[in-house]
Each structure stands twice: as structure tokens, then as C-alpha cells.
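The values are calculated or read from the model by the stated rules, or taken from the named source; none is laboratory data. For clarity, every value in this text was computed on a predicted model and none was experimentally measured. FYI the Cβ positions are ideal-geometry reconstructions off the backbone, even for glycines, and counts take in every protein chain you see. For accessibility, only protein heavy atoms count, side chains too; no ligands or nucleic acids. Shrake-Rupley method; radii C 1.70, N 1.55, O 1.52, S 1.80 Å.
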Amino acid sequence: MSNKKKQSEEEILDVGEVYSKTEHFFENNKQTITYGLTAVLIIVAGIVYYFNFYMPPLQKEAESEMFYAQQHFARDSFRLAMYGDNEGHLGFEQVASDYGSTNAGNVANYYMGVSLLRTGDYEGAIAYLDRYSANDEITPSLKLGAIGDAYSELGDYEKALGYYEDAANSESNSFTTPIYLKKAGIAAEKLNKYGDARDFYESIKNDYPNSQEGRGIDKYIQRAKLMQEKA
């Protein structure tokens, strides 16, 4: 028998042996494998049901519940917006609690945080804003800036400065960036960091001269410069 033919027969035997062992393994573990496959199918079916059948109506319901709270918020009626009104409409607190798995419930955390900030509960505001998961282009910077405002009101200018810097750098744009650069500069001045403050103000002058903050930034630059020279 030639070596080539012998090698071919050995390969056939090896394949047969592997097939036999595989068949034997499946036979001995048939129940376990069946249970495993069933569990996988149940999980997949559950995921499909959750995202395609359970979540859409729940999201719609949450949006409907939050509508009146948003109306109160727009009118600066923050207590009604947060805790609901006498007509049975939910406030942001309840929407965030009852519909936390929905996008509307997530957004309710942001509204609740800003409402608490506006009504003077700064630590509560920070807690709710931290819960908000920002996933668009604008609200990440608004969230960070609002947390900075809360820390500033608490007198923690070091933390406020950090959040203002993050807010300014989160999404560079001519609307929010100069606002938070200016707030960062003011917080830096509170910490006697006049050189840093001047840098923030000059960034506004150089990069956002046509913004509302840019049009009046020269006096802030001069003030930071004078204070830096005195220090």
C-alpha cells in the first residue's frame, strides 16, 4: 500500500472517529444541550418582545404622562412640574420613577434636576442630573453646566470649574461653549486663578467673538489681567 493511500485511509478513520465521538457527546448530553438552546431562544424572544412590543407603548405612555409637567416647567411652575398638579397629572419625579426604563423617564431626570436647581435644592439637582443619560448633541453640555451651576451655588468652585470646563469641551458650538467658558472664567476668579480665567475669556474673544458673551468679554479680560498682575 502506498504512503499516499495509507494516509488517506487514516484521515478517513480520523474523521469517522471524530464524528463518532461528537455523536456520542450529543447523545450523552442531549438534555443539557436542549435546555441550553431553549434558554437561548427564550432570551432572544424576550429581547425581541421587550424592544418591539413592550417598550414602544410604554414610551408613548410616559411621554403622555410627562406632557403636563413640561407645560408647567415652561411656565416656571416648578413645584407643579416636579410633583404633579391637582388634576392628577404626574410630575417629573413620578415619571422618572415609574418609567425609568424609557427615554421619557430618562429625560424626566434632567427636567427634575433643572427644576430642583431653579428652586434651590442644589444637592438634589446634582443627584437627578447625574442620573440623566445624555445621548444627543446639546444636552450633554447642558447637563454638565447645570451640575456646575449647582456646585457653584454650594460654594464649591473647584468642582464647579471642572464641570464648566467639561461642559465647554463637551460639544463645541457657538451657543453653549461661550456660556460655559465664561462661567469657567468666573469660577476660576473665585479660586484666584486669574491666569486661567483670562485664558477662558480670551478663548471666547478669539473663537466666539460674535456670541453674546463675546460682545462684552473685553472687560472680563481686563479684570482678570489686572488681578493677575496684583497677585
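Brief remarks on what is shown
- ARG131/GLN212 FRET efficiency (R0 45 Å; Cβ-Cβ; nearest 0.05): 0.90
- Residues in the stretch 157-231 average 57 Å² of solvent-accessible surface per residue, probe 1.4 Å, ligands and nucleic acids excluded.
- Between GLN59 and LYS190, residue separation times 0.36 nm minus the direct Cα-Cα distance comes to 42.8 nm.
- Per residue, the stretch 76-123 exposes an accessible area of 47 Å² to a 1.4 Å probe, with every protein chain left in place.
- Residue pairs exceeding 26 angstrom between C-alpha atoms, taken from LYS60/LYS159; LYS183/LYS219; LYS60/LYS183; LYS60/LYS143; LYS143/LYS225: LYS60/LYS159; LYS60/LYS183; LYS143/LYS225.
- Nearest-10 value in Å² for the accessible area of MET82, using the 1.4 Å probe: 0
- Principal axis extents of the C-alpha atoms in the stretch 78-156 (largest first, rounded to whole Å): 38, 26, 16.
- Sorted largest first, the spans of the alpha carbon positions of the stretch 102-231 along the three principal axes are 51, 29, 19 Å.
- Residues PHE175, PHE78, PHE92, sorted by accessible area with the largest first, give PHE175, PHE78, PHE92 [1.4 Å probe; ligands and nucleic acids excluded].
- Carbon-plus-sulfur accessible fraction, the stretch 74-231 (probe radius 1.4 Å, protein heavy atoms only): 42%.
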